[in-house]
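Trainee: What follows is a structure written as structure tokens; I'll ask about it next.
Derivation of every value follows stated rules applied to the coordinates shown; laboratory data play no part. All values derive from a computational prediction rather than experimental measurement. All Cβ positions, even for glycine, are placed from backbone atoms using ideal geometry, and neighbour counts span all protein chains on display.
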Amino acid sequence: MRRLGYAPHALVESLHAAQEAFGYLDKPAMQFVATGLRVPLSRVYGAATFYHFFSLKPPGDHTCVVCTGTACHIKGAPDLLSAVAAEFSLKAGETSKDGKFSVLSARCIGTCGLAPAVVFDSEVAGKVTSEQMLERLRGWAAS
């Protein structure tokens, strides 16, 4: 916020910085940004809930992001998410009860040639099968 002169137009960049620092955006972080930029908390909350990148809940120790773009959808992304729901009772956007991993979805990660693509802890994997994905999640759950 300081680097951009505490200007209200720095809202999204400030939220990115707060999330990078803390892992997610909780109410105190959003209040801090609102106060620093002199914008209403409702505007900060609106931006934080509008953009898919922001999370209002703490992430798990590991993250699994399933691409749900057109190519990935056609090549089986819904099957990947169904397999996770069946085995772990988790939907996209949820974290396991023990906090070991979060399952997220993204509209497109730009790797259409690798469909269906999944990002495991910042590592992109392509042509992922349900069994491959479950195997990785089982490993995280056991650790």
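Trainee: What nm value, rounded to one decimal, do you get for the distance between GLU13 and HIS73 when each label is placed 7 Å out toward the C-beta?
Mentor: In this crude label model, GLU13 to HIS73 measures out at 3.3 nm.
Trainee: Of the candidates PRO40, PRO59, PRO78, which one comes out as most mobile in a Gaussian network treatment of the chain with C-alpha springs shorter than 10 Å?
Mentor: Result: PRO40 has the largest fluctuation of those listed.
Trainee: Just report the Cα centroid separation between region 11-35 and region 105-119, whole Å.
Mentor: Going from one Cα centre to the other spans 27 Å.
Trainee: To continue, here is another question. Can you give the FRET efficiency for VAL124 and ASP98, using 1/(1 + (r/R0)^6), R0 = 30 Å, r = Cβ-Cβ distance, to the nearest 0.05? Write out the running numbers ahead of the final one.
Mentor: Values: r = 26 Å, r/R0 = 0.85.
Computed FRET efficiency for VAL124 and ASP98 comes out at 0.75.
Trainee: If you rank LEU25, LEU104 by fewest surrounding Cβ atoms within 10 Å, what's the result? Working shown, then result.
Mentor: Details: LEU25 22, LEU104 17.
In increasing order of surrounding Cβ atoms, one gets LEU104, LEU25.
Trainee: In the neighborhood of CYS112, defined by Cβ-to-Cβ distances under 15 Å, what is the net charge if each Lys or Arg adds +1 and each Asp or Glu adds -1?
Mentor: Numbers: positive: LYS75, ARG107, LYS127; negative: none.
Neighbourhood net charge equals +3.
Trainee: Fully extended, how many nm does the chain gain between TYR24 and SER82 (0.36 nm per residue separation, minus their Cα-Cα distance)? Could you put the intermediate results ahead of the total?
Mentor: Numbers: separation 58, 0.36 × 58 = 20.88 nm, distance 2.56 nm.
Contour length minus the Cα-Cα distance gives 18.3 nm.
Trainee: Let me ask you something else. Report the chymotrypsin sites (Phe, Trp or Tyr not before Pro) located in region 30-129 that are in a DSSP loop and have at most 15 other Cβ atoms inside 10 Å of their Cβ, or state none. Could you put the intermediate results ahead of the total?
Mentor: Working: sites: PHE32, TYR45, PHE50, TYR51, PHE53, PHE54, PHE88, PHE101, PHE120; in loops: TYR51, PHE53, PHE54.
Of the chymotrypsin sites (Phe, Trp or Tyr not before Pro), the ones in loops of region 30-129 whose Cβ has at most 15 other Cβ atoms within 10 Å are TYR51, PHE53.
Trainee: Counting other C-beta atoms within 10 Å, which of ARG138, ARG38 has the fewest, and how do the rest follow? Provide the component values of the computation, followed by the final result.
Mentor: Working: ARG138 12, ARG38 9.
Ordered by Cβ neighbours within 10 Å, fewest first: ARG38, ARG138.
Trainee: Among THR129, THR111, THR35, determine the one that fluctuates most according to a GNM of the chain built with springs between C-alpha atoms less than 10 Å apart.
Mentor: THR35
Trainee: ARG38 label point, 7 Å along Cα→Cβ, cut-off 20 Å on backbone N: hits in region 3-22?
Mentor: Hits in region 3-22 for ARG38 at 20 Å: 3-15.
Trainee: Right, something else. Determine the sum of side-chain charges near LEU37: Lys and Arg each +1, Asp and Glu each -1, restricted to other residues whose C-beta is under 13 angstrom from that of LEU37. Walk me through the numbers on the way to the answer.
Mentor: Working: positive: ARG2, ARG3, ARG38, ARG43; negative: GLU13.
That works out to +3.
Trainee: Still on this structure: When a footprinting reagent is the concern and you count Cβ atoms within 10 Å, what order do VAL118, VAL33, VAL12 take, fewest first? Working shown, then result.
Mentor: Values: VAL118 26, VAL33 23, VAL12 14.
So the residues, fewest neighbours to most, are VAL12, VAL33, VAL118.
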